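Here is the structure we will look at, set down as structure tokens.
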Amino acid sequence: MLSLKCPSPDRWLENVCPHLDELLIDHAHCEKKAAGTAMNLLFAYPEQTELAGDLSAIVNEELDHYRQVLGQLANYGIRFRRLKPAAYGKRLHEAIRPNEPGRAVDRLLVAALIEARSCERFDLLRRSIDDEKLAAFYGSLFESEARHHSTYVQMACRFSSQEEVRSRLDELAGLEADIIQEGDSLPRMHS
Ligand SMILES: [Fe+2]
Ligand SMILES: [Fe+2]
């Protein structure tokens, strides 16, 4: 699904379901980071004016998601706080090549994969959790994260050929799958 090379292992749901409060806090951080990623790309590649529209739309949508998750936290009476993040994002970012244009391609493809994994997990949550309102909330975010995935892959094609982007996406998706299969003991959206 969406370039991912493996589904989430069953143990992920088993790990997060007893900690849905903490997962929601982590989710808020993820939406904030997603807005930051798009904003950083906007600053890094200002000469790519064709990207500005898509990136600024993603910044707005992710900030809107952030506000929505904060609203959910308030509804459930959960206090927003700092959390130790899963190692997932850091490990993916370590694979980004240092030199342009490979760096731009990798930054966009890593963002695309993170969107894809979020999407896969929102789908798992909407189908698995008993709280119908929370399940519907996760369901409501599914489509926009799927769209962000495709937009990031298309943006990468502005820096390299479609063939090279496909091949690099395949490599990075392999790494992403390895990280996911290894897992992380923290109950996080990307553990
Ligand atoms: Fe989002
Ligand atoms: Fe997104």
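The values are calculated or read from the model by the stated rules, or taken from the named source; none is laboratory data. Note that the coordinates shown come from a computational prediction; the quantities given were computed from them, not determined experimentally. Here Cβ is always computed from backbone atoms with ideal geometry, including for glycine, and neighbour counts include all displayed protein chains. Heads up: the accessible areas ignore ligands, DNA and RNA and are worked out on the full protein's heavy atoms, side chains in. Shrake-Rupley method; radii C 1.70, N 1.55, O 1.52, S 1.80 Å.
Our coupling estimate for the range 134-139, obtained by passing each phi through the Karplus curve with A = 6.51, B = -1.76, C = 1.60 and θ = phi - 60°, is 5, 4, 5, 4, 4, x Hz, Gly and Pro reported as x.
Ignoring ligands, DNA and RNA, please state the percent of accessible area on the range 72-160 from carbon and sulfur, probe 1.4 Å. Provide the component values of the computation, followed by the final result.
Working: 2100 of 4420 Å².
On the range 72-160, the fraction of accessible area on carbon and sulfur atoms equals 48 percent.
Summarising the label geometry, the points placed 7 Å from Cα in the beta-carbon direction at ARG97 and ILE78 lie 3.9 nm from one another.
Roughly what % of Cα-Cα distances in the range 80-164 sit above 15 Å, to the whole percent?
Values: 2328 of 3570 pairs.
That fraction is 65 percent.
Taking the Cα atoms only, what angle lies between the long axis of helix 49-75 and the longest principal axis of the chain, rounded to 10 degrees? The answer is roughly 10 degrees. Close Lys pairs in the chain (alpha-carbon distance under 26 Å; sequence gap of 8 or more, or different chains): 9.
Can you tell me the FRET efficiency between GLN48 and SER167 if r is taken as the Cβ-Cβ distance and R0 is 22 Å, rounded to the nearest 0.05? Using R0 = 22 Å, I get an efficiency of 0.55.
Coupling constants for the range 85-91 follow from the phi torsions by the Karplus curve (6.51 cos²θ - 1.76 cosθ + 1.60, θ = phi - 60°), and in residue order they are x, 5, 6, 3, x, 4, 5 Hz; glycine and proline get x. Qualifying GluC sites (Glu not before Pro) in the range 41-112, where qualification requires a DSSP coil assignment and no more than 10 other C-beta atoms within 10 Å, comprise GLU47, GLU94.
In the context of the full set of protein chains, residues of the chain present 50 Å² of accessible surface per residue (probe radius 1.4 Å, heavy atoms only).
What FRET efficiency comes out for GLU182 versus ASN40 if R0 is 35 angstrom and r is the Cβ-Cβ distance? Round to the nearest 0.05.
Working: r = 27 Å, r/R0 = 0.76.
For R0 = 35 Å, the calculated efficiency reads 0.85.
Modelled spin labels at LYS33 and HIS19, positioned 7 Å past Cα toward Cβ, are 1.4 nm from each other.
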